[in-house]
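S.K.: The following block contains the structure, expressed as structure tokens.
The values are calculated or read from the model by the stated rules, or taken from the named source; none is laboratory data. Nothing here was measured: the structure is a model prediction, and the numbers come from that model. Neighbour counts are summed over all protein chains in view; Cβ atoms, including those assigned to glycine, are modelled from backbone coordinates with ideal geometry.
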Amino acid sequence: GEGVPVAQRSSWTTFMKTIASVSGDLSTMTCPPFILSPVSLTEFPAYWCEHPELFSAIGVQTTEEDRTLAVVKWFISTLKGQYTSRNESMGSEKKPLNPVLGELFYGMWPDINGRGQTDLLVEQVSHHPPITAYAIENKSKGVKLVGHNAQKTSFSGGSIIVKQIGHATLTVKLPSGEVSEYLITLPRLRIDGLWYGAPYIELAESSWIISKHYVCSIDYKGKGYFSGKSHSFKATLSPAPGSGGTLGSHVIEGTWHTTSKFSSGRKSGLDFHNVTGPKEEVTAIGGEPANEMGPYETRELWKLVAKGIREGDFDAASREKTKIENDQRQKRKQEQTAGTSWSLKHFDHEDSDPTYERLGRIGKVNPASEDMYVFKENWPLTSA
Ligand code: 0T9
């Protein structure tokens, strides 16, 4: 592979043979150094808000139709960051740091031009398998996203197939006091380009955004499929059964890393989204105690590992990583001896999610039921 440094070519070939034989959880695999990222998966939920003005705009719409379109526009606009940004910043998709249980990430996007401040908190709620839970809220606009995600991976035809497990619920507080809820499910990923040592993500199959008013299915296709282009999508918004006759249907088509247009419905021909402009990275902040980074906050915890990876000192990175892992093993052992278990800071785990079941049924989402992590509403500690 051309993307592989000469000195690591034979280890990459060996690695490729290994991933072909492993399935399930790739997070604990040992990878050749050039493919390591210095960023932990707990930072990934920040991708949901790289366009804070689109997130806050959801809260100021006056009709259900416009609100739903604002939700879909915000969602589509997050995909570029979620799935292509490592290629831009690091040259290819990389293996993120595998978070430890209880790892935390706090951040915010400031109030600019009256959009209100948006707060982010992330907690690693499981290590085996890795599960990350997050809450993102713009209090002043009444918009909140709470979700969790995990992955199941397999290997097929030279690609890694990643099934995303988990979902998110977006809630919007309306001036009437009513709350609009949107169930958001996640697409399937294919990691291609592995043999060349230059992995990149393509999205596949479909994901959903469902409320009691609308069902929106989003279909994803890559190169060589319907439009022929990479990163293509088609979003179809249909009024939910029984929502009355006033809501319009829409179809939107384009590529999620560039632009899209309405292709059917009242707005046919009009532009829909455009993410070719700048994005706004999250401002990382210390959460505990307020404004200080505690030892479990991701950038503090992984500081020395990340430094090693960034500076190409992989021995140091691996030494520091081993320290963290040993420390974790010891903690789990101590808990076992004491008959206690790690308690989550911001979330309560529930075996089922009534909102997922109720809204999922409208779109016939599969599986019919999923577990959930309920946000304890205990952050920000002091609200601005
Ligand atoms: C949620 C996102 C997720 C996390 C990452 C599959 C992956 C871990 C999960 C799904 C975010 O909202 C969106 C984007 C990228 C996903 C990662 C890409 C990736 O490769 C890793 C897996 C665990 C690997 O590191 C595989 C090994 C490596 C050889 C590929 C570069």
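S.K.: Could you please tell me which pairs satisfy a Cβ distance under 7 Å, a separation of 6+ or placement on different chains, a first residue in the range 168-184 that is touching a residue at least 60 places away in the same chain (Cβ under 8 Å), and a second residue that is in a loop (DSSP other than H, G, I, E, B)?
M.R.: Pairs found: V172/G142; K173/G142; S180/L174; S180/S211; E181/S211; Y182/S211; L183/H167; I184/H167.
S.K.: Here is a list of conditions, (1) surrounded by fewer than 20 Cβ atoms within 10 Å (Cβ to Cβ); (2) within 14 Å of the ligand (Cβ to nearest atom); (3) touching a residue at least 24 places away in the same chain (Cβ under 8 Å), and P5 meets all of them except one; can you say which number that is?
M.R.: Going through (1) surrounded by fewer than 20 Cβ atoms within 10 Å (Cβ to Cβ); (2) within 14 Å of the ligand (Cβ to nearest atom); (3) touching a residue at least 24 places away in the same chain (Cβ under 8 Å) one by one, P5 breaks only (2).
S.K.: Between A306, A290, which is at pLDDT 95 or above, small (G, A, S) and more than 30 Å from E64 (Cα to Cα)?
M.R.: A306
For (1) in contact with a Ser or Thr (Cβ under 7 Å, 6 or more places away or on another chain); (2) surrounded by fewer than 21 Cβ atoms within 10 Å (Cβ to Cβ), each residue gets a yes or a no:
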position: P187; (1), (2): yes, no
position: V215; (1), (2): yes, no
position: T236; (1), (2): yes, yes
position: G269; (1), (2): no, yes
position: P278; (1), (2): no, yes
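S.K.: All but one of (1) surrounded by fewer than 22 Cβ atoms within 10 Å (Cβ to Cβ); (2) polar (S, T, N, Q); (3) at pLDDT 95 or above; (4) over 27 Å from M293 (Cβ atoms) hold for T68; which doesn't?
M.R.: (1)
S.K.: Among the residues of the range 252-306, which ones are in contact (Cβ under 8 Å) with a residue 12 or more places away in the chain, basic (K, R) and touching a strand residue (DSSP E or B) at 6+ places or on another chain (Cβ under 8 Å)?
M.R.: R266, K267, R299
S.K.: What strands (runs of 3 or more DSSP E) completely inside the range 197-304 contain at least 2 residues that are over 25 Å from K364 (Cβ atoms)?
M.R.: Where strands (runs of 3 or more DSSP E) fall fully within the range 197-304 and carry at least 2 residues being over 25 Å from K364 (Cβ atoms), they are 200-210, 250-255, 259-264, 271-274.
S.K.: Ok, one more. If only one of V100, V72, V162 is among the β-branched types (V, I, T) and either touching a Lys or Arg at 6+ places or on another chain (Cβ under 8 Å) or within 14 Å of the ligand (Cβ to nearest atom) (or both), which one is it?
M.R.: V162
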